[in-house]
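Shown next, in structure tokens, is the structure this report addresses.
Any read-out appearing in this document is the output of simple, stated calculations on the displayed coordinates, not a laboratory observation. Only a predicted model underlies this, so the values are computations on that prediction, with no experimental measurement involved. Quick reminder, even Gly has a Cβ in these numbers, built from the backbone with ideal geometry, and neighbours come from all protein chains shown.
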Amino acid sequence: MKQKIFIAAVLLFTISTLWANQKIEGNTYTAYGNYTLSETDNVIIINNVAYKTWDLCYQKCKEKYQILCAPSNTKNCYFIVRGENFEIQYSSSNKGFGAEMVDKSLRSVKKELVMYKIDQNKLINQGVLINEVQTTEKYLGLIACYMPLLFI
């Protein structure tokens, strides 16, 4: 009987762990310090497309960011990072994965406001961060590490 209860408890723990939202943590090696990416249950609809969301927080930064993950394959995917008066897009294409301004049709913050917060040369330098196809989790980690470098 004790063995059956133990097995049931292990199965319940395993199932609840699999259903729990994922969390990714790491160090940016910037003034922002450590980051935490938390998967949310929220879905945002833009132009009839459902975007899965992640929350991005930094240890040494008060502002919180939301990452919208476009539904696609990892070879041609994009992520929109939004904060207060800020948004930037990280995309994967044939040339590689990197940063760019958010497509006009998806923009929620005026480009001028974003450009006031970031260095344009740094944005250009982040145009291609990596050439190899990665997992969604790896792309999210790259975003969390490189995005702080864009700010003035």
Exactly which GluC sites (Glu not before Pro) in segment 79-112 are in a DSSP loop and have at most 16 other Cβ atoms within 10 Å? Glu84
Which net charge results for the neighbourhood of Arg82, defined as the other residues with beta-carbon distances under 12 angstrom from its beta-carbon, given Lys and Arg at +1 and Asp and Glu at -1? -2
Can you run phi through the Karplus equation (6.51, -1.76, 1.60; θ = phi - 60°) for segment 137-143 and list ³J(HN,Hα) in whole Hz, with x for Gly and Pro? 4, 5, 4, 4, x, 4, 4
Give the long-range amide H neighbours of Asn34: residues separated by 5 or more places, or on another chain, with amide H under 5 Å away, using H modelled in the peptide plane at 1.01 Å from N. Thr28, Gln59, Lys60
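Given the pairs Lys52/Lys138; Lys52/Lys95; Lys95/Lys122, which are separated by over 22 angstrom at their Cα positions?
Distance filter (> 22 Å) returns Lys52/Lys95.
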For Gly127, enumerate residues with amide H under 5 Å from its amide H, sequence gap 5+ or separate chain, H modeled in the peptide plane. Ala99
Kindly identify segment 105-152 as rounded, prolate or oblate by the Cα gyration tensor criterion: order the square roots of the eigenvalues as a ≥ b ≥ c, call it rounded if a/c is under 1.5, otherwise compare a/b with b/c, prolate if a/b is larger, else oblate. prolate
Based on other C-beta atoms within 10 Å, arrange Asp41, Asp55 from fewest to most. Asp41, Asp55
Counted neighbours (other Cβ, 10 Å), sorted fewest up, put Tyr35, Tyr65 in the order Tyr65, Tyr35
Karplus 3J(HN,Hα) series, Hz, for segment 59-64 with 6.51 cos²θ - 1.76 cosθ + 1.60 (x for Gly, Pro): 4, 10, 9, 6, 6, 10
Rounded to whole Hz, the Karplus (6.51, -1.76, 1.60) HN-Hα couplings of segment 109-125, x for glycine and proline: 10, 4, 4, 4, 5, 5, 5, 6, 9, 10, 8, 4, 5, 5, 5, 4, 5
